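See structure below.
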Amino acid sequence: MSAKLIPSVCPYCAVGCGFYIVVEKGKAIGIEYMTEHPTCEGALCPKGNAVLEFLNHEERLKYPLKRAGDTFVRISWDEALDLVAEGLSRNLKKHGPKSLGFLASSRCNNEENYLMQKLARMLGSPNVDNCARLCHSPTVVGLGAVFGAGAMTNNLIDLQNSKCIFAIGTNFTEAHPIVTRWVQRAKDRGAKVIVADPRITSTSWMADMHLRIKPGSDIDLLRGMMKVIIDEGLADQKFISQRTDGYQELLQNLRGFSVHEAAELTGVSADQIVKAARIYAKSPASALLYSMGITQHVCGTDNVKLCATLALVSGQIGRPGSGVWPMRGQNNVQGNCDMGGMAEFYPGYKRASDPKSAEFFESAWGASGLPLGPGLTSTEMTDAALEGTIKALYIIGEDPVICDPNIKKTTAALENLDFLVVQEIFMTATAKMADVVLPAAAWAEKDGSYTSMERRVQWIDQAVSPVGEARDGLWIINEIGKRLGLDLKGTSATEILKEINRYVPAYGGMTKERISRIGGLRWPCPDETHPGTDILHCERFATADGKAKMASVLNVPPAEMTSPEYPILLSTGRIVVHYNSGSMTRRSPSLLERDPELYVEINPEDAASLKVRHGDVVKVKTVRGETEAVARITGKVKPGIVFMPFHWQGTNIITSDALDPVSKIPEYKMAACRIEAKS
Ligand SMILES: Nc1nc2c(c(=O)[nH]1)N[C@H]1C(S)=C(S)[C@@H](COP(=O)(O)OP(=O)(O)OC[C@H]3O[C@@H](n4cnc5c(=O)[nH]c(N)nc54)[C@H](O)[C@@H]3O)O[C@H]1N2
Ligand SMILES: Nc1nc2c(c(=O)[nH]1)N[C@H]1C(S)=C(S)[C@@H](COP(=O)(O)OP(=O)(O)OC[C@H]3O[C@@H](n4cnc5c(=O)[nH]c(N)nc54)[C@H](O)[C@@H]3O)O[C@H]1N2
Ligand code: SF4
Ligand SMILES: [Mo]
């Protein structure tokens, strides 16, 4: 039998690169590059190249398991599903539907996420959420408030048309490596790249200007830039008057503020702020890219709103090369939010707090008594589990015991549950705490669609059979539903996609046949003749009256300040070869080899005063606890700041769980710590 090439989409980040899986005798034996893919043109980053290392890994979960004391025993699917149904219904009967929590997985496809939120809501629980809470919830609510839609306005390829690329709080060369290709193409065509990041990164290396901003001072920087733009007459008055509201309030907000004050607050020189503002506002097409460096703060939502407002003041939106690019994280986090896997929204961003949304889906699903939201966010579910109001949790493909902030609290919360079920491809730290572990099919082992950060929806067919007795998430959710007396009416991804076409307007014309073509389609795509949409907000914004709503805000200090006892600021983030919890990348030999252990970057000045040398193991302590890491002495971080990747469990023992009050995102980027040489 000869080898077959099955088209696929990368299961890691939201760039959504395509490649072919080489299948021989039912096994994935290699990958081939997909040069005709519009976004990646055949390129893949190290993680994309290593996907088969985790897919075929011997530690993949192969059988359902139930807890037996400190270990697990293999059980049949029937027993596992009965146990799950029993665990959920026991709490439902005793404590009501709001005692149940559901985490939908942004690593899973649209159809699985649609079905997961349908299960939660048909059981009467409004508490369904996903990892967007930890990353781009400020985008969904903040960009949603300003533009009427919380999604990337243009596409990634379009970056080549930009003449200025302003990247604030995004390290795309490591977190979205294939985007680098389009930024480089813009640069080759004369674009100026401005990067605002406290650290020296591979992204700042490609910048014409690096604004080495003080962590947490982005609002001051953005206000400073807007002040320059307005004072120098660079604001786009025609755009402002025709297409926006709130300009007078903004002028009021900026009254008395000066670029010198901005310089003092941000640590970026006044000259640099002026220069950056002029380049951004004057360029014929400016792109603003942002990500976790601005969202993971207690003022994350305000940060996002002000980025959007800067684009509005300058009229830099709604044209080729000009717009706002939120750099979304997971392969299907955009889709999960679109599908309603979020506490605030039913599918298609129908507000969960609006009785009309519940009525709409009652008639769509033939259900009654659907819950009104907003439900509890994932971060609030942790508190509720600790308090004993959330009793049972069903988690698909998330690893909060590594990725939540202040994981001691998360662990205590999970311990306090009556029942925990985890549906996973590996035995993660979270799965180890479960009562029942369900082995799931990985991306290449199931049919379904994924929505990338550029709103690109791509369907893939199953390439290989699931390992062992692992099953497609759809089958598992349906079986659980059945045992709880529900008919979720979604046995295949094809069937559920048709339901999505009916009830999520932006996906109306996205038939399986159309999105199976290489590159798929980009939403909104309301009907079957619609070609999909490249650029949003060209004529009007997605708000009720079509106008964008400018924001006027002031900076909010971080929840945790450095002190004599904890004098150093701890910032956390990503490195190119590891991915989030590391459950997949730490099992990939080619990736692990490049970065095998948790480290902390320390400036040489701090290292000298701490008497720490490169390669020493040090203790990093915060009020919440301590962890060990290998010291890397480097000028990439300034004195007084250290940086740790979070792909090993140690990091989130010490991070802060302070939340942005609007989006409830944790402040992963700011904690006060102390470094001690290990005695
Ligand atoms: N290799 C890899 N790629 C990934 C992931 C991964 O784990 N590994 N995860 C995916 C996910 S889920 C997401 S959400 C994205 C995230 O992608 P990014 O947001 O790009 O990643 P981070 O490293 O968290 O943060 C970006 C930058 O913000 C800077 N920063 C920190 N504090 C501040 C600040 O106060 N102001 C400013 N302006 N900048 C600041 C940091 O120094 C860092 O360089 O990546 C996705 N892609
Ligand atoms: N300190 C610090 N912590 C952070 C961040 C930070 O910047 N700093 N960033 C935060 C951000 S932005 C995010 S998004 C979160 C990420 O947090 P998580 O979403 O918890 O991280 P992942 O490692 O992506 O977890 C996904 C899980 O899904 C499993 N999985 C993969 N494919 C499938 C599948 O097909 N089916 C099923 N059932 N499971 C599957 C993987 O094995 C993995 O365990 O971390 C957050 N944590
Ligand atoms: S850039 Fe993202 S989608 Fe592309 S290969 Fe790398 S991890 Fe996969
Ligand atoms: Mo994320």
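Quick check on my filter: what residues within segment 407-458 are in contact with a Pro (Cβ under 9 Å, 6 or more places away or on another chain), assigned to a strand (DSSP E or B) and assigned by TED's automatic domain parsing to the domain that holds Leu474?
Correct list: Gln423, Glu424, Val436, Val437, Leu438, Pro439, Ala440.
Quick one: how many residues across segment 18-50 are more than 16 Å from ligand 1 (Cβ to nearest atom), surrounded by fewer than 19 Cβ atoms within 10 Å (Cβ to Cβ) and touching a residue at least 40 places away in the same chain (Cβ under 8 Å)?
Residues meeting the conditions: 6.
Count, please, the residues in segment 494-512 that happen to be farther than 22 Å from Gly473 by Cα and either without any contact (Cβ under 8 Å) to a residue 60 or more places away in the chain or out of contact with any Phe, Trp or Tyr (no Cβ under 8 Å at 6 or more places or on another chain) (or both).
Total meeting the criteria: 3.
Does any residue of segment 625-638 turn out to be touching a residue at least 40 places away in the same chain (Cβ under 8 Å), closer than 18 Å to Pro198 by Cβ and charged (D, E, K, R)?
Yes, segment 625-638 contains at least one residue that is touching a residue at least 40 places away in the same chain (Cβ under 8 Å), closer than 18 Å to Pro198 by Cβ and charged (D, E, K, R).
Just give me the residues in segment 134-167 being away from ligand 4 (no atom under 16 Å from the Cβ), surrounded by 23 or more Cβ atoms within 10 Å (Cβ to Cβ), hydrophobic (A, V, I, L, M, F, W, C) and more than 11 Å from Pro326 (Cβ to Cβ), in sequence order.
Val146, Leu156, Leu159, Cys164, Ile165, Phe166, Ala167
Among the candidates Gly26, Gly42, single out the residue that is within 16 Å of ligand 3 (Cβ to nearest atom) and on the phi > 0 side of the Ramachandran plot.
Only one candidate passes the filter, namely Gly42.
What are the residues in segment 154-196 that are within 16 Å of ligand 3 (Cβ to nearest atom), within 29 Å of Gly216 (Cβ to Cβ) and in a loop (DSSP other than H, G, I, E, B), if any?
Within segment 154-196, Leu156, Thr170, Asn171, His176, Pro177 qualify.
Give me the pairs, please: first residue somewhere in segment 578-601 and aliphatic (A, V, I, L, M), second residue anywhere and part of a loop (DSSP other than H, G, I, E, B) and away from ligand 4 (no atom under 16 Å from the Cβ), beta-carbon distance under 6 Å, and either six or more positions apart or on two chains.
The qualifying pairs are Leu591/Ala50; Leu591/Val577; Leu598/Trp648; Leu598/Gly650.
For segment 66-112, give me the residue count where each residue is within 13 Å of Tyr394 (Cα to Cα) and within 16 Å of ligand 4 (Cβ to nearest atom).
3
Given Leu250, Leu221, which one is of a type outside the set (Phe, Trp, Tyr), in contact with a helix residue (DSSP H, G or I) (Cβ under 6 Å, 6 or more places away or on another chain) and more than 16 Å from ligand 2 (Cβ to nearest atom)?
None of the other options fit; the residue is Leu221.
For every residue, the table says whether it meets (1) assigned to a helix (DSSP H, G or I); (2) touching a Cys at 6+ places or on another chain (Cβ under 7 Å); (3) touching a residue at least 60 places away in the same chain (Cβ under 8 Å).
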position: Cys307; (1), (2), (3): yes, no, yes
position: Ala311; (1), (2), (3): yes, no, no
position: Arg328; (1), (2), (3): no, no, yes
position: Ala364; (1), (2), (3): yes, no, yes
position: Pro371; (1), (2), (3): no, no, yes
position: Leu376; (1), (2), (3): no, no, yes
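Please go through segment 246-277 and pick out each residue that is under 30 Å from the mean Cα position of the chain (by Cα) and assigned to a helix (DSSP H, G or I).
If the condition is that a residue be under 30 Å from the mean Cα position of the chain (by Cα) and assigned to a helix (DSSP H, G or I), then Leu250, Ala262, Leu265, Thr266, Ile273, Ala276, Ala277 are the ones that fit.
What's the number of the only condition in (1) crowded, with 24+ Cβ neighbours inside 10 Å; (2) over 17 Å from the mean Cα position of the chain (by Cα) that Val304 fails to meet?
Result: Val304 passes all but (2).
Please specify each residue of segment 205-218 satisfying the condition of being surrounded by 19 or more Cβ atoms within 10 Å (Cβ to Cβ) and away from ligand 2 (no atom under 16 Å from the Cβ).
Selection gives Ala207, His210, Leu211, Ile213, Ser217.
Being away from ligand 4 (no atom under 16 Å from the Cβ), within 23 Å of the chain's Cα centre (by Cα) and surrounded by fewer than 24 Cβ atoms within 10 Å (Cβ to Cβ) is the requirement here; does Glu359 meet it?
In short, no.
All but one of (1) of a type in the set (Ser, Thr, Tyr); (2) within 25 Å of Cys403 (Cα to Cα); (3) surrounded by 23 or more Cβ atoms within 10 Å (Cβ to Cβ); (4) away from ligand 2 (no atom under 16 Å from the Cβ) hold for Ser202; state the number of the condition that does not hold.
Failing condition for Ser202: (3).
What is the residue count in segment 420-457 for residues that are closer than 17 Å to Val333 by Cα and surrounded by fewer than 23 Cβ atoms within 10 Å (Cβ to Cβ)?
The qualifying residues number 0.
Identify, please: which residue in segment 168-199 is basic (Lys, Arg) and within 22 Å of Leu306 (Cβ to Cβ) and is, among those, farthest from the chain's Cα centre (by Cα)?
Lys192
Give me the residue from segment 590-635 that is among the basic types (Lys, Arg) and under 20 Å from Glu565 (Cα atoms) and, out of that set, farthest from the chain's Cα centre (by Cα).
Only one residue fits best here, namely Lys611.
Is it true that Arg199 is modelled with pLDDT of 95 or more, closer than 26 Å to Arg594 by Cβ and either assigned to a strand (DSSP E or B) or touching a Ser or Thr at 6+ places or on another chain (Cβ under 8 Å) (or both)?
Answer is yes for this residue.
Residues in segment 314-344 that are out of contact with any Pro (no Cβ under 6 Å at 6 or more places or on another chain) and buried (at least 24 other Cβ atoms within 10 Å of the Cβ): how many?
Here the count works out to 21.
Tell me which residues, restricted to segment 62-79, are surrounded by 15 or more Cβ atoms within 10 Å (Cβ to Cβ) and within 26 Å of Ala384 (Cα to Cα).
Lys66, Arg67 - these are the residues of segment 62-79 that are surrounded by 15 or more Cβ atoms within 10 Å (Cβ to Cβ) and within 26 Å of Ala384 (Cα to Cα).
Within the set of pairs 6 or more residues apart or between chains, which connect a residue that is farther than 12 Å from Leu497 by Cβ and small (Gly, Ala, Ser) inside segment 102-119 to a residue that is away from ligand 4 (no atom under 14 Å from the Cβ) and at pLDDT below 95 with Cβ atoms less than 9 Å apart?
none
The values are calculated or read from the model by the stated rules, or taken from the named source; none is laboratory data. A quick note: this is a predicted structure, and the numbers were derived from the prediction, not measured. For neighbour counting, all protein chains shown are included, and Cβ atoms are generated from backbone atoms with ideal geometry for every residue, glycine included.
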